[in-house]
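I have a structure here, written as structure tokens, and I will follow up with some questions on it.
The values are calculated or read from the model by the stated rules, or taken from the named source; none is laboratory data. Keep in mind that what you see is a predicted model, and the values were worked out from it rather than measured. Note that we place each Cβ from the backbone using ideal geometry, even for glycine, and neighbour counts take in every protein chain shown.
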Amino acid sequence: MTDSYTPPTVWTWEQGNGGEFASINRPIAGPTHDKDLPVGIHPLQLYSLATPNGVKVTVLLEELLAAGHADAEYDAWLINISEGDQFGSGFVDVNPNSKIPALMDRSTTPPTRIFESGAILLYLAEKHGAFVTDAKDRPEMLSWLFWQMGSAPYLGGGFGHFYAYAPEKWQYPVDRFAMETKRQLDVLNRHLADNEWMAGGVYTIADMAIWAWYGQLVLGRLYSAAEFLDVASYTHVVDWAERIDARSAVQRGRMVNRAFGEPEMQLHERHDASDFETKTQDKLDAAE
């Protein structure tokens with residue numbers, strides 16, 4: 001058994017202190033270099049990566065377009081967090097917290113910046129009057145949306161970090177955050193036992209936000225941890241996740257700004273619906 005850690009009197013930063021993301025983990029904010037952000041032809045300019053937080057937004061944008069909201073057309077630019085793109089001066093101007101995703105709405109004067117994935121979902125849904133509930137069910141929708149925003153750090157920064165990314169697997173943090181992740185899955189499973197969607201009978205941004213994290217977890221896409229967490233036992237969550245996963249807009253949204261995984265699932269930038277057709281042809285060519 002290793003000795004317990006004794007915190008120093010005054011904590012100091014040891015650069016490169018281990019772990020997959022050590023190079024971008026730092027205790028100070030602000031840009032590290034000057035770099036302007038690209039701007040495409042559409043009013044909505046998204047700067048992101050297909051992590052769960054990024055997928056939330058691209059799923060919503062693709063759902064809006066599928067529902068006929070033509071003014072939801074967007075340009076999606078890749079922000080590679082492993083290379084520190086989020087610390088460029090242009091990105092920091094859009095999101096001073098240096099986290100993806102970040103959105104600029106250039107249909108307003110002056111342009112409107114929106115950061116934090118939950119805020120972007122709510123902004124876009126309300127702007128287009130879609131994938132939100134009526135006034136009666138709005139508190140339920142908002143409660144689940146904010147539940148996700150508050151819970152996911154335990155899944156991603158807690159369980160995901162110590163189980164998948166930390167330089168060593170230490171029992172205490174893995175056990176601690178695995179227990180919390182399973183508790184959260186049980187919260188969802190109990191709710192979905194009696195509800196088709198998170199806000200009752202309507203598919204909303206709350207479903208999209210939660211699916212990006214917990215849905216993909218039970219579908220075996222996060223941290224290679226599905227068996228470890230016994231996700232199959234959360235049957236109502238699995239059923240709900242599979243129904244969302246089958247939606248064509250969700251399948252497209254998963255691809256946008258993806259720079260990892262299977263090449264056929266990667267669409268680094270998205271500027272038009274025809275970009276997906278190109279990827280479809282790539283798949284067909286690869287199969288021949």
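Determine, yes or no, whether residue 41 is in contact with a Gly (Cβ under 9 Å, 6 or more places away or on another chain), outside the structural domain of residue 203 (by TED's automatic domain parsing), β-branched (Val, Ile, Thr) and assigned to a loop (DSSP other than H, G, I, E, B).
Numbers: in contact with a Gly (Cβ under 9 Å, 6 or more places away or on another chain): no; outside the structural domain of residue 203 (by TED's automatic domain parsing): yes; β-branched (Val, Ile, Thr): yes; assigned to a loop (DSSP other than H, G, I, E, B): yes.
Judged against the criteria, residue 41 is not a match.
While we're on this one: Quick one: how many residues across segment 223-242 are out of contact with any Phe, Trp or Tyr (no Cβ under 8 Å at 6 or more places or on another chain), in a loop (DSSP other than H, G, I, E, B) and either assigned by TED's automatic domain parsing to the domain that holds residue 122 or farther than 21 Å from residue 150 by Cβ (or both)? Working first, answer last.
Applying the first criterion (out of contact with any Phe, Trp or Tyr (no Cβ under 8 Å at 6 or more places or on another chain)) to segment 223-242 yields 224, 226-227, 229-236, 238-239, 242.
Within this subset, residues satisfying the condition of being in a loop (DSSP other than H, G, I, E, B) are 224, 226-227, 229-230, 234.
Now drop any that are not either assigned by TED's automatic domain parsing to the domain that holds residue 122 or farther than 21 Å from residue 150 by Cβ (or both), which leaves 224, 226-227, 230.
Residues flagged as out of contact with any Phe, Trp or Tyr (no Cβ under 8 Å at 6 or more places or on another chain), in a loop (DSSP other than H, G, I, E, B) and either assigned by TED's automatic domain parsing to the domain that holds residue 122 or farther than 21 Å from residue 150 by Cβ (or both) within segment 223-242 amount to 4.
Given the options 100, 120, 114, name the one that is part of a helix (DSSP H, G or I) and either under 21 Å from residue 270 (Cα atoms) or touching a Lys or Arg at 6+ places or on another chain (Cβ under 8 Å) (or both).
On the way: 100 fails: part of a helix (DSSP H, G or I); 114 fails: part of a helix (DSSP H, G or I).
Result: 120 is the single residue among 100, 120, 114 that is part of a helix (DSSP H, G or I) and either under 21 Å from residue 270 (Cα atoms) or touching a Lys or Arg at 6+ places or on another chain (Cβ under 8 Å) (or both).
A follow-up question, please. Kindly indicate whether residue 262 is under 26 Å from residue 20 (Cα atoms) and surrounded by 13 or more Cβ atoms within 10 Å (Cβ to Cβ).
Working: under 26 Å from residue 20 (Cα atoms): yes; surrounded by 13 or more Cβ atoms within 10 Å (Cβ to Cβ): no.
Judged against the criteria, residue 262 is not a match.
Related question: Under the condition of being out of contact with any strand residue (DSSP E or B) (no Cβ under 7 Å at 6 or more places or on another chain) and among the small types (Gly, Ala, Ser), which residue from segment 243-262 is nearest to residue 151 (Cα to Cα)? Write out each step before concluding.
Taking segment 243-262 first, the residues out of contact with any strand residue (DSSP E or B) (no Cβ under 7 Å at 6 or more places or on another chain) are 243-254, 260-262.
Those still in the list that are among the small types (Gly, Ala, Ser) too: 246, 248-249, 253, 261.
Numbers: 246: 25, 248: 27, 249: 25, 253: 22, 261: 25 Å.
Checking each candidate, the answer is 253.
Find the residue count for segment 222-267, including only residues that are touching a residue at least 12 places away in the same chain (Cβ under 8 Å) and closer than 19 Å to residue 131 by Cβ.
12
Of the residues that sit in segment 63-77 and are more than 17 Å from the chain's Cα centre (by Cα) and among the charged types (D, E, K, R), which one is surrounded by the most Cβ atoms within 10 Å (Cβ to Cβ)?
It comes out as 75.
Restricting the search to segment 176-222, which residues are closer than 24 Å to residue 252 by Cβ, not in a helix (DSSP H, G or I) and not acidic (Asp, Glu)? Before the answer, list the steps.
Within segment 176-222, the first condition is being closer than 24 Å to residue 252 by Cβ, and the residues that meet it are 196-199, 202-222.
This time we only want the ones that are not in a helix (DSSP H, G or I), so: 196-199, 202-204, 219-222.
Scanning segment 176-222 gives 197, 198, 199, 202, 203, 204, 219, 220, 221, 222.
Still on this structure: Looking at 91, 146, 159 in this structure, which one is in contact with a strand residue (DSSP E or B) (Cβ under 8 Å, 6 or more places away or on another chain) and either of a type outside the set (Lys, Arg) or part of a strand (DSSP E or B) (or both)? Steps first, answer last, please.
On the way: 146 fails: in contact with a strand residue (DSSP E or B) (Cβ under 8 Å, 6 or more places away or on another chain); 159 fails: in contact with a strand residue (DSSP E or B) (Cβ under 8 Å, 6 or more places away or on another chain).
Only one candidate passes the filter, namely 91.
Next up: Among the residues of segment 83-91, is any hydroxyl-bearing (Ser, Thr, Tyr) and either touching a His at 6+ places or on another chain (Cβ under 6 Å) or outside the structural domain of residue 37 (by TED's automatic domain parsing) (or both)? Spell out how you get there, then give the answer.
Of segment 83-91, the ones hydroxyl-bearing (Ser, Thr, Tyr) are 89.
This time we only want the ones that are either touching a His at 6+ places or on another chain (Cβ under 6 Å) or outside the structural domain of residue 37 (by TED's automatic domain parsing) (or both), so: none.
Within segment 83-91, not a single residue is hydroxyl-bearing (Ser, Thr, Tyr) and either touching a His at 6+ places or on another chain (Cβ under 6 Å) or outside the structural domain of residue 37 (by TED's automatic domain parsing) (or both).
Just one of (1) modelled with pLDDT of 95 or more; (2) of a type outside the set (Gly, Ala, Ser); (3) over 21 Å from residue 46 (Cα atoms) trips up residue 204, so point out which.
Just one mismatch for residue 204, condition (3).
Does segment 77-86 contain at least one residue that is among the charged types (D, E, K, R), closer than 17 Å to residue 249 by Cα and modelled with pLDDT of 95 or more? Walk me through how you get there before you give the answer.
Narrowing segment 77-86 to residues among the charged types (D, E, K, R): 83, 85.
Going one step further and asking which of them are closer than 17 Å to residue 249 by Cα, we end up with none.
Checked segment 77-86: no residue is among the charged types (D, E, K, R), closer than 17 Å to residue 249 by Cα and modelled with pLDDT of 95 or more.
Can you tell me which residue in segment 196-217 is surrounded by the fewest Cβ atoms within 10 Å (Cβ to Cβ), limited to those that are more than 12 Å from residue 140 (Cα to Cα) and more than 15 Å from the chain's Cα centre (by Cα)? So that I can check it myself, show each step before the final result.
Filtering segment 196-217 for residues more than 12 Å from residue 140 (Cα to Cα) gives 196, 203, 208-217.
Then keep just the ones that are more than 15 Å from the chain's Cα centre (by Cα); that gives 196, 203.
Details: 196: 14, 203: 17.
Top of the filtered list is 196.
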